[in-house]
Amino acid sequence: MPIKAFALNCTLKPSGKPSSTDAMIGLLQKDLAALGVEVGEPIRVADHDVKPGVTSDEGPGDAWPDLRRQVLEADILILGTPIWMGQPSSVCKRVLERMDAFLGETDGQGRMVSYGKVALVAVVGNEDGAHHVSAELFQALNDVGFTLAANAVCYWVGEAMQKTDFQDLDKVPDKVVSTSAMAARNAAHLARFLKENHYPGE
């Protein structure tokens, strides 16, 4: 049964500007594709007018309904964010706020629309904070119905007080390469299992 992955890049930069978050998402997508998972171009949320709110449609001009559809059509969601001030980006927080609607969007057996979907997290930054950011994302994604495989994050942080970005590295560190491969393997395995074995309802 085919598995599809969809990536949301929550960089603050619009398309056309280099993004280390794109580079990290690309690493995960390459490993997923090698496992037979269908992947497409990451969507930069900053390119879209995602309105503030906690519903699935905040009215005219809201770009979230189409992004929401693509999230729910996929088996694996890759949520990528840079670290700003030790936190996920404001764009990432808005995505999570909009997913809050999933709490009330359930089927006849009480299962959220996101049940059976697997989440992977991609985090990049120039200082500490990757564990804190992944913890925030793990909790939020799990709270709104996503399932997390073992080792569901791939991250890189550079040294404090310097300007080297992940995308500027001459070579991706071996540990990041092996972590991406492991995260992809675990996520693809879990997504295939959940596609054929639904969560029980009420």
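Read-outs throughout are calculated quantities, based only on the coordinates presented, and are distinct from any laboratory measurement. No experiment lies behind these values; they were computed from the predicted model shown. Glycine gets a Cβ as well: all are built from the backbone with ideal geometry, and neighbour counts include every protein chain shown.
Computed log10 I(q)/I(0) for the chain at 0.09, 0.14, 0.17 Å⁻¹: -0.31, -0.77, -1.15, from the Debye equation with unit scatterers placed on every C-alpha and solvent omitted.
Mean Kyte-Doolittle of at least 0.5 plus a Cα span of 18 Å or more along the axis: flag which DSSP H helices in the chain meet both, please. Result, helices passing both filters: zero. Peptides 84-93, 169-178, 2-11, 46-55 ordered by packing proxy, namely the average of other Cβ atoms within 10 Å per residue, highest first: 2-11, 84-93, 46-55, 169-178.
Computed 3J(HN,Hα) for region 109-114, one whole-Hz value per residue from the Karplus formula 6.51 cos²θ - 1.76 cosθ + 1.60 where θ = phi - 60°, is 10, x, 8, 5, 4, 8, glycine and proline marked x. Summing Lys and Arg as +1 and Asp and Glu as -1 over all other residues whose Cβ lies under 11 Å from the Cβ of residue 51 gives a net charge of -3. Absence of a disulfide-compatible partner, taken as no other cysteine beta carbon within less than 4.7 angstrom, is noted in the chain for 154.
What relative contact order, as a whole-number percentage, does the chain give when Cα pairs under 8 Å and 6 or more residues apart are counted? That works out to 25 percent.
Each other residue within a Cβ distance under 10 Å of residue 180 adds +1 if Lys or Arg and -1 if Asp or Glu, for a net charge of +2.
Taking N as the residue count of region 70-166, its C-alpha radius of gyration divided by 2.2 N^0.38 Å amounts to 1.16.
From the C-alpha gyration tensor of region 19-74, pull out the three semi-axes of the equivalent ellipsoid (sqrt of 5λ each), sorted largest to smallest, in whole Å.
26, 14, 7
Translational diffusion of region 17-124 was estimated from the Stokes-Einstein equation, with Rh taken as the Kirkwood radius over Cα pairs; at 25 °C and 0.890 mPa s the coefficient is 164 µm²/s. Its DSSP H runs of at least 4 residues, each contributing -39,500 (n - 2.57), put the calculated 222 nm mean residue ellipticity of the chain at -11500 deg cm²/dmol, to the nearest 500. For the residue pairs 4/51; 51/117; 17/93; 13/51; 93/171; 171/195, the C-alpha atoms sit more than 28 angstrom apart in 93/171; 171/195.
Around residue 14, under 9 Å between beta carbons, what's the net of Lys plus Arg minus Asp minus Glu among the other residues? Within the 9 Å Cβ shell, the charges total +2.
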